[in-house]
Amino acid sequence: MLTPHQVPVLQQIREPFLTKKGISLYLKREDLIHPWISGNKWRKLKYNLLEAKNRGYEQLLTFGGSYSNHIYASAAAAHESGLESIGIIRGEETLPLNSTLQFAKDNGMKLHYISRSKYRDKKELWLIDNLRKQFGEFYLIPEGGSNALAVKGCAEIKTDINVPYDVISSPVGTGGTLAGLIASHDNKVCVLGFSALKGDGFLEQEVKELINDYPKKSQWSIDYRYHFGGYAKIKPELIAFMHSFHSTHQVVLDPIYTSKMMYGLYDMIRSDEFIPGTTIIALHTGGLQGINGMEERHGIKLPK
């Protein structure tokens, strides 16, 4: 079973505009839970790795892009748990490997590349069967790690929050973290997701399927206004926000998920979308390894 290296702390974010608006904002530092399996990845993988071991699997297989936080964390988690790992990577191999894939390889992950068109079939049984013929039996973890056991792990995020709160927010990629929050709260708390992907309304069905077995659920919604152009896209105003936030609070935000959520929360608070007296918990879901990839691809400098 995965062991956390540190219990996440709750850090109050202090800004003059928050005081003026009457809002209390805390950042739950899930990024500190483990140096390589950080944030929501640790939560999602915890019970999946335990299940794989209990069922006698010797290797796991999962999917991701060439800069994937999930690939990075899965390789480290498998290595720490004594399992072999296989990463099905979207697109063609590019050498030398980027820092994400090199880390995965260094942790024993076998990298297997498939075309983008075939990658779109990652949930199809024929593709999974072909992979089993090629690699032998494996424990399958979906792209992003979101499944029922991931929801179970993410439902534990609330257990060490020691202040009363009205809203809890999380970035959303594949929906597993948000589903865990919804499943673990009653309707006295609003669960608010911030989509890192461009679009409108498409993630709700994914989340509904993940929480289908949970009878009691909180009120929840997903905000699509702060994707900054889509997944792994970034704009100058987001870069400036990341630098300002780091300078003020000494916290590094990742450029794909948590930075967009925090930008969105700041904007919503300034626009009076929360009533005075509201206490908000925001999750720092980790993923800081992705900073190197964003700098490589976009030629930018981000806080580290």
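Only the coordinates and a few stated rules stand behind these numbers; no lab work does. This structure is a prediction, so every number in the text was calculated from the model and none was measured. Here the Cβ is made from the backbone with ideal geometry for all residues, glycine too, and neighbour counts use every protein chain on show.
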task: May I ask you to list the residues of segment 266-304 whose amide nitrogen lies under 17 Å from a point 7 Å from Cα along the Cα→beta-carbon direction of Gln6?
output: 283-290, 304
query: Once Rh for segment 135-246 is found with the Kirkwood sum over Cα pairs, what is the Stokes-Einstein diffusion coefficient at 4 °C and 1.567 mPa s, in µm²/s?
result: 85 µm²/s
- prompt: What residue among Tyr47, Ser74, Ile88 has its Cα farthest toward the positive end of the dipole of segment 25-142, where the charges are +1 on Lys, Arg and -1 on Asp, Glu, each on the Cβ?
  reply: Tyr47
task: Take the Cα coordinates of segment 39-145, assign each an equal point scatterer, and use the Debye formula without solvent to give log10 I(q)/I(0) at q = 0.13 Å⁻¹.
output: -0.42
field: ³J(HN,Hα), Karplus 6.51/-1.76/1.60, whole Hz, each residue of segment 126-138, x for Gly, Pro
entry: 5, 6, 4, 4, 4, 5, 5, 5, 7, 10, x, 5, 8
statement: Flagged as over-length at 18 Å C-alpha distance, from Lys152/Lys217; Lys41/Lys158; Lys198/Lys304; Lys233/Lys260; Lys46/Lys233; Lys188/Lys217, the pairs are Lys198/Lys304; Lys46/Lys233
- request: Please work out the ratio of the alpha-carbon Rg of the chain to 2.2 N^0.38 Å and round it to two decimals.
  value: 0.98
statement: With label points set 7 Å from each Cα along the Cα-to-Cβ direction at Thr94 and Lys304, the distance between them in nm comes to 1.8 nm
field: Range of Cα positions in segment 115-191 per principal axis (Å), largest first
entry: 51, 24, 16
task: Might you report the magnitude of the Cβ-based charge dipole of segment 151-304 about its Cα centre, with Lys and Arg at +1 and Asp and Glu at -1, to the nearest 20 debye?
output: 240 debye
Centroid-to-centroid separation of segment 241-284 and segment 162-206 [C-alpha atoms, Å]: 15 Å
message: If amide hydrogens are placed 1.01 Å from N in the peptide plane, which non-local residues have theirs closer than 5 Å to the one on Thr285?
response: Thr258
- line: PRE zone check, label point 7 Å out along Cα-to-Cβ of Phe17, amide N under 13 Å, scope segment 190-214, hits none
task: Go through segment 195-211 residue by residue and turn each phi into a ³J(HN,Hα) via Karplus (6.51, -1.76, 1.60, θ = phi - 60°); whole Hz please, and just put x for glycine and proline.
output: 5, 8, 10, 6, x, 8, x, 6, 7, 4, 5, 4, 5, 4, 5, 6, 9
query: Hey, got the dipole for segment 39-145? About the Cα centre, +1 on K and R Cβ, -1 on D and E Cβ, debye to the nearest 20?
result: 300 debye
- prompt: In the chain, which longest range has no chymotrypsin sites (Phe, Trp or Tyr not before Pro) that are both DSSP loop (not H, G, I, E or B) and surrounded by at most 15 other Cβ atoms within 10 Å?
  reply: 1-201
task: Quote the FRET efficiency, to the nearest 0.05, computed for Ser247 versus Gln205 with a Förster distance R0 of 41 Å and r equal to the Cβ-Cβ distance.
output: 0.55
- prompt: If one takes the longest principal axis of the Cα atoms in the chain, at what angle in degrees, from 0 to 90 and to the nearest 10, does the Cα axis of helix 39-54 lie?
  reply: 40 degrees
- line: Loop-resident trypsin sites (Lys or Arg not before Pro) in segment 189-235 with no more than 15 other Cβ atoms inside 10 Å, DSSP not H/G/I/E/B, are Lys198, Lys216, Arg225
- prompt: Once the dipole of segment 169-304 is set up with Lys and Arg at +1 and Asp and Glu at -1 on Cβ about the Cα centre, which of Asn292, Asn187, Thr279 lies farthest towards its positive end?
  reply: Asn292
task: Mind checking segment 102-202 for GluC sites (Glu not before Pro) that DSSP puts in a loop (not H, G, I, E or B) and that have at most 15 other Cβ atoms within 10 Å?
output: Glu124, Glu137
field: Loop GluC sites (Glu not before Pro), segment 198-272 (other Cβ atoms within 10 Å of the site Cβ: 12 or fewer; DSSP)
entry: none
